[in-house]
Amino acid sequence: MPQVKIIARNFMDMVAALPAMKLDQLYQNAFICEAILRSLPPLAKKYVIQMLYIEEAVTTKSIEEWVLPDGLSKHKVAIDRLLQLRIFSEAFDRSSGTSYRLNPTFQSNLQKHITCGGVLPREPMPSSITARLPSLEDLAVFAFALEQWECFLLQLINSTQAEKMTNISPSMMRIFQRGLLTQRDKEPPRLTESGFQFLLMDTNAQLWYIIREYISNSEERDVDSADLISFLLELSFHATGEAYNMNTLTEVQRNTLKDLADLGLVKLQQGRKESWFIPTKLTTNLSVSLTDSSSRKEGFVVVETNFRIYAYSTSKLHCEILRLFSRIEYQLPNLIVGAITKESLYNAFDNGITADQIISFLQQNAHPRVAERVPSVPENVTDQVFDRLDCGNLILTGLR
């Protein structure tokens, strides 16, 4: 069975894929320039800052002198990234060799932004107008965002019941149908191989996958992808927990926020006369790279050498995800008990879930009591899961 790989890229990969004209259009916004700068690898940031007030092209030889001898591999990564984003333009001269110059639009706007600062298109609403706002703690630790996200994923898992999907906006439903769900005629939608794999991905990777697809499909909604990226990056500069007036937005931006609210990126509230949106921590992390994001949740799973699983959780979503590759035996108010069996693994593999994804999920979600162990998942369990995938009919010890 061919394995379908889901690759979650961060915003900057999507920015780099934009046509040159749209990239130059983005760089006219000083906040976008800062967001791009934040996202760059450390060495690439160094190059931009050092060249920010240099108007002439700088030769490769000169730039390499800024790097220690053991940093040449990172140097190549940094240069490639800057070229992809059109922050650097490359030129070649027979006498001086290859040289690089900063994109003049990017350079000019970043200079102004660093020197003078910038003002966002919208200011927070006064507290006298807004209703009681969620606490910063709730929004900062993803209480609201994770609740929304879990609800979102539960609807995906329960996709065989058509009525369960009514809360998902048409825009998000189209994203699911494109890669994660399939539907024939009047039958209810069902998960694809990619859909099953998606459920075992890290929360950050899931979010970036949805955002990436949402942007990729923007043209179908008559929304310019560059405008959408610009708006989302702009949102990342808004303060978590502050209320911002919806009337300052275009109709396209208001529709975008309604979709983002499904994902927990923003919280929408309505007053007597005004309506507003409140960014969560997920929104303010949009301009940060996937690997740099710090939204990891505390683990909850303990795997024992006898293949039993103990999940210290009250989440219905955790129970349903564990059911994808294990047999759930019973559930208490704060404890889920299950076991990895031959049948549960065969079902998982038939649905397109890989052994790597199962073990990775168990490792990423290991309970703090076992997370510090090396390995956090017992070796015999890891070996048997991979052997079960590779050795078909072989009878293995331990699995029931």
Of all residues in the range 372-400 being modelled with pLDDT of 90 or more and assigned to a helix (DSSP H, G or I), the one that is most open to solvent (accessible area, probe 1.4 Å): Glu379
Qualifying residues in the range 112-143 (those that are under 25 Å from the mean Cα position of the chain (by Cα) and open to solvent by 40 Å² or more (accessible area, probe 1.4 Å)) - the one modelled with the lowest pLDDT: Val141
Residues being part of a loop (DSSP other than H, G, I, E, B), without any contact (Cβ under 8 Å) to a residue 40 or more places away in the chain and within 28 Å of Asp356 (Cα to Cα) - total across the range 169-197: 2
Complete set of residues in the range 232-252 that are under 16 Å from Ser171 (Cβ atoms) and crowded, with 18+ Cβ neighbours inside 10 Å: Leu232
Residues being in contact (Cβ under 8 Å) with a residue 60 or more places away in the chain and surrounded by fewer than 20 Cβ atoms within 10 Å (Cβ to Cβ) - total across the range 358-371: 7
Residue pairs meeting the criteria (Cβ under 9 Å; at least 6 apart or on separate chains; first in contact (Cβ under 8 Å) with a residue 60 or more places away in the chain, in the range 332-344; second assigned to a strand (DSSP E or B)): Ala339/Arg308; Ala339/Ile309; Ala339/Arg327; Ala339/Ile328; Ala339/Glu329
Selection count where residues are open to solvent by 10 Å² or more (accessible area, probe 1.4 Å) and either out of contact with any helix residue (DSSP H, G or I) (no Cβ under 7 Å at 6 or more places or on another chain) or part of a loop (DSSP other than H, G, I, E, B) (or both), scope the range 345-357: 6
Candidate set from the range 286-303 (those that are exposed (fewer than 14 other Cβ atoms within 10 Å of the Cβ) and in a loop (DSSP other than H, G, I, E, B)); member that is modelled with the highest pLDDT: Glu298
The range 228-254, subset part of a helix (DSSP H, G or I) and without any contact (Cβ under 8 Å) to a residue 40 or more places away in the chain, residue nearest to Ile32 (Cα to Cα): Phe231
Selection from the range 30-69 of residues that are at pLDDT 90 or above, closer than 30 Å to Thr284 by Cα, open to solvent by 20 Å² or more (accessible area, probe 1.4 Å) and part of a helix (DSSP H, G or I): Leu37, Pro42, Leu43, Lys45, Lys46, Ile49, Gln50
Scope the range 256-277; condition free of Cβ contacts under 8 Å to residues at least 40 places away in the same chain and assigned to a helix (DSSP H, G or I); matching residues: Thr256, Leu257, Leu260
Residue within the range 228-247 that is more than 14 Å from the chain's Cα centre (by Cα), of a type in the set (D, E, K, R) and over 24 Å from Gln269 (Cβ atoms) present: no
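The values are calculated or read from the model by the stated rules, or taken from the named source; none is laboratory data. Note that the structure is predicted; figures quoted are calculated from it, not measured. A quick note on method: Cβ atoms are made from the backbone with ideal geometry, for glycine too, and the neighbour counts reach across all protein chains shown. Keep in mind that these areas ignore ligands, DNA and RNA; they rest on the heavy atoms of the full protein, side chains included. Shrake-Rupley method; radii C 1.70, N 1.55, O 1.52, S 1.80 Å.
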